[in-house]
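Heads up: the structure comes next, in structure tokens.
The values are calculated or read from the model by the stated rules, or taken from the named source; none is laboratory data. Since we're looking at a predicted model, the values are computed, not measured. Note: ideal-geometry Cβ built from the backbone for every residue, glycine included; neighbour counts use all protein chains shown.
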Amino acid sequence: MQLPHRPGQAFRDLYAWSSVHFRRIGFTLVLASSSLPGCDRPAPPPTVVIGDSSGIPILRLDRSPNEIAKDYFRSKTLRPTFDFPGPLGTEGRIGGALEQSSDRFVYLDRLTRHLVTVDSTGSLVGNVGFQAPTAWPGEFPVAFVSVGRRLVIWNDDSVNALIVTDSAGSALLALPRPVAGDWHAFVYRHPVSLEDAPIQQNAEALDRRMVPFDDSSFLLLLQPNERQLFRQGIAVRLDTVRAQALRVFLTPPRTIVQATLPGFTVIHLAPNSSESQRFATPLFAARPLVAAGRDWYAVTSGRQSGIEVFHPDGRPLARIEWPHRILSVTDKDRSNATDWWIRYTNEVDAGFHGRWAAASRQDRSEWKAQEQDALSFSESFAEIAGMLGDRSCLWLQGYSSEDNPTGSSSRFLVLNLAERRIESLVVIPQGFRVWSIGPSGILASHRANGREYLTRFAHGLDACGTALPGARAAGSPM
């Protein structure tokens, strides 16, 4: 791993990293490190112990993914390798982006309600959407996923909830909601969207609730509709609601439950004038997460110090563990998140920008306090903010109040599940929103001058192509 140079640090770097030892005893592999005395040294390299329990490998980290991801000293900071030319969409409101193949990249423009396909040079391949003359049934795309050469769109419509298109974007079929859930409830959750047109979307990252799986199915994370539960007299604090990780097959259409997890923490707020009831998803709160790679999928509740990795048929493949530690959300964290929120709102809301620019320093301070009071914060950080899968690697995202008002960090701990080791610590520059990770790199977006731009970062992690032990060969039957 390439380490950043720091004056006077070379000897300590060499010592810390040369003290990594590998030791095999039966099913156990230990990666350990020594550290030098002194109060100014960086944190030691993360320790991974690989044990065995009833034939299932257990990867034990010496600290949480969040704590490891925050170790800037050993992080590999990536730089953009390709900026897709020009701002995207009329004003650019990206709602998701993925690599469909080595020469096809698709992103959702939430403002114009179109899926746009470009090639590796950024040239337009296709531009289809919910508006004439290529209108699909329904109105509002929420998220999308690639299933083989097809695209599946989560559409905010009670009848045509899932729209399936071919690679050119022509609608093949429309499916109703396969199960009951919070298909529309996110519209009523606070804080409202960071991309508030045309749909309100909050901190739970709806784009990551649809996960590519294989050529015939995808994973979908749903929980019950809290507005309906509240009307039925369920508890005001809905942090015991169960979420389901569903596997949705396209041919023939069917749905099975892959995992059941604690749901999103949802807090009931006082009613306002426009809606009968309001709810909030606290910033920095734990949330259920799902990710998938080549012949595996992983789930975590976000509230326990562990991640379960499964074969597509449900057989356990591995477990990842770390010591549980409560990390409290501080006043500084809340202030940082509010500052970020205000900067972002200034960028996307011209009316807000004008009022903020005209406000005095004292008025801004009072305004910030009001904005902070309006946001809902968790009392403590979850130990993991997000998960993404790429082939045999699981990317674990930390939390940072400085990086994003939702708490999503731009720092990733990359675990190679096949090699059973920490592959890398990766940092995406502040201001970039990571959408997906594929073999050719990371797709992210950033805003500049009121427009949004799509960018690719090459990660260079070729070792992620190794197949997992115990997983079926690619293309073989289950």
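Here are the numbers for this structure:
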quantity: Filtered residues of the range 424-455 (kept if over 19 Å from Ala385 (Cα atoms) and either assigned to a strand (DSSP E or B) or in contact with a helix residue (DSSP H, G or I) (Cβ under 7 Å, 6 or more places away or on another chain) (or both)); calculated: Gly438, Gly441, His446, Arg447, Ala448, Gly450, Arg451, Glu452, Tyr453, Leu454, Thr455
quantity: Residues being closer than 17 Å to Leu206 by Cβ and either of a type in the set (A, V, I, L, M, F, W, C) or in contact with a helix residue (DSSP H, G or I) (Cβ under 6 Å, 6 or more places away or on another chain) (or both) - total across the range 151-178; calculated: 7
quantity: Residue check, Ile326 surrounded by fewer than 17 Cβ atoms within 10 Å (Cβ to Cβ) and of a type in the set (A, V, I, L, M, F, W, C); calculated: yes
quantity: The lone exception for Val299 - which of (1) at pLDDT 90 or above; (2) touching a strand residue (DSSP E or B) at 6+ places or on another chain (Cβ under 9 Å); (3) surrounded by fewer than 18 Cβ atoms within 10 Å (Cβ to Cβ) it fails; calculated: (3)
quantity: Test: residue in the range 376-384 that is out of contact with any Pro (no Cβ under 8 Å at 6 or more places or on another chain), under 20 Å from Asn66 (Cβ atoms) and in a strand (DSSP E or B); calculated: yes
quantity: Contacts under 6 angstrom Cβ, first residue in the range 147-170 being farther than 22 Å from Gly181 by Cβ, partner crowded, with 22+ Cβ neighbours inside 10 Å, 6 or more apart; calculated: Thr165/Leu151
quantity: Count of residues meeting criterion [in contact (Cβ under 8 Å) with a residue 60 or more places away in the chain and either more than 18 Å from Ile342 (Cα to Cα) or touching a Gly at 6+ places or on another chain (Cβ under 8 Å) (or both)] in the range 422-443; calculated: 15
quantity: Residue check for Asp239: surrounded by 15 or more Cβ atoms within 10 Å (Cβ to Cβ), within 21 Å of the chain's Cα centre (by Cα), at pLDDT below 75 and not aliphatic (A, V, I, L, M); calculated: yes
quantity: Matching option when the condition is farther than 30 Å from Met210 by Cβ and part of a loop (DSSP other than H, G, I, E, B), among Arg325, Arg303, Arg355, Arg334; calculated: Arg325
quantity: Test result for Ser167, among the hydroxyl-bearing types (Ser, Thr, Tyr), surrounded by 15 or more Cβ atoms within 10 Å (Cβ to Cβ), in contact with a Leu (Cβ under 8 Å, 6 or more places away or on another chain) and at pLDDT below 85; calculated: yes
quantity: The listed residue being free of Cβ contacts under 8 Å to residues at least 60 places away in the same chain, polar (S, T, N, Q) and crowded, with 19+ Cβ neighbours inside 10 Å, out of Ser400, Ser392, Ser365, Ser410; calculated: Ser410
quantity: Any pair with Cβ under 6 angstrom, 6 or more apart, that starts in the range 250-266 at a residue that is under 24 Å from Arg149 (Cα atoms) and ends at one that is charged (D, E, K, R) and at pLDDT 85 or above; calculated: Ile256/Arg247; Gln258/Arg247
quantity: Only one of Ser365, Ser360, Ser335 that is closer than 27 Å to Ser445 by Cα, of a type outside the set (Val, Ile, Thr) and modelled with pLDDT of 90 or more; calculated: Ser335
quantity: Matching residues, the range 119-154, being modelled with pLDDT of 75 or more, in a loop (DSSP other than H, G, I, E, B) and over 14 Å from Val211 (Cα atoms); calculated: Asp119, Ser120, Thr121, Gly122, Ser123, Arg149
quantity: Residue in the range 456-478 that is assigned to a strand (DSSP E or B), in contact with a strand residue (DSSP E or B) (Cβ under 9 Å, 6 or more places away or on another chain), modelled with pLDDT under 85 and not hydrophobic (A, V, I, L, M, F, W, C) present; calculated: no
quantity: Single residue of the range 54-88 satisfying the filter (assigned to a strand (DSSP E or B) and over 24 Å from Arg447 (Cβ atoms)) that is modelled with the lowest pLDDT; calculated: Lys76
